[in-house]
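A short worksheet on the structure shown next.
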Amino acid sequence: MLQQPSQRAAMRSERSEDHRATLRRALRLTLLVASLSAPAWMATGCAPPILGSAERPRASDVVMADMRTFRLALVMGQIGEVRLPSNPSTGYRWALVEASTDLLNLLDHGFVAGRTDMAGAPGEERWTFQAVKIGAGELRFEYRRPWEPLDIAPAQRASYRVEVR
């Protein structure tokens with residue numbers, strides 16, 4: 001059965017409205033999740049504090065690992081930081097799915113906005129650890145939307161070899 005052009009236009013308009021309503025619901029959910037989970041320091045624009053420490057360690061004292069190094073070599077007591085590119089406005093977040101918890105103590109995790117004031121701009125998720133035991137292990141992260149089922153593959157993965165001397 002052939003549809004009249006006006007019927008096709010009406011159906012397209014209905015689908016478009018349904019799509020817009022779905023996008024509005026997803027945006028509201030994303031904003032709600034972000035507002036409930038955003039740390040207070042993010043709202044004020046301040047750098048995140050290191051938990052359990054009176055002052056933030058100097059940059060020269062912190063060992064950095066990012067998407068290029070995939071290795072974190074520390075000495076006992078040293079602070080290590082993993083930096084992963086992130087854009088929470090998309091709904092995606094990095095999740096720590098495997099950690100050598102006997103080697104490392106998680107001190108802090110948070111999002112640091114990029115160098116722009118634009119809403120929705122990408123930045124970095126930073127995971128700060130302290131070496132507490134000598135040995136070797138692994139950190140594994142997955143970039144996924146928290147509300148999606150775990151049988152859906154993550155958008156990205158990152159693994160880091162950890163060595164504490």
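The values are calculated or read from the model by the stated rules, or taken from the named source; none is laboratory data. Quick caveat, the model's predicted, so the values are computed rather than measured. Every residue, glycine among them, receives a Cβ derived from its backbone with ideal geometry; neighbour counts consider all protein chains shown. Keep in mind that these areas ignore ligands, DNA and RNA; they rest on the heavy atoms of the full protein, side chains included. Shrake-Rupley method; radii C 1.70, N 1.55, O 1.52, S 1.80 Å.
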**Hits in region 81-102 - residues which are open to solvent by less than 10 Å² (accessible area, probe 1.4 Å), in contact (Cβ under 8 Å) with a residue 60 or more places away in the chain and of a type outside the set (A, V, I, L, M, F, W, C)** = G91
**Prompt:** Taking A113 and the conditions (1) open to solvent by less than 40 Å² (accessible area, probe 1.4 Å); (2) in contact (Cβ under 8 Å) with a residue 60 or more places away in the chain; (3) over 15 Å from A65 (Cα atoms), which numbered condition does it fall short on, given that it satisfies the others?
**Reply:** (1)
**Complete:** Condition set more than 11 Å from L84 (Cβ to Cβ) and either free of Cβ contacts under 8 Å to residues at least 24 places away in the same chain or out of contact with any Lys or Arg (no Cβ under 8 Å at 6 or more places or on another chain) (or both), scope region 138-153, selection surrounded by the fewest Cβ atoms within 10 Å (Cβ to Cβ): answer is D151
**Request:** Could you tell me whether A119 is within 13 Å of G80 (Cβ to Cβ), open to solvent by 30 Å² or more (accessible area, probe 1.4 Å), at pLDDT below 90 and out of contact with any Asp or Glu (no Cβ under 6 Å at 6 or more places or on another chain)?
**Result:** no
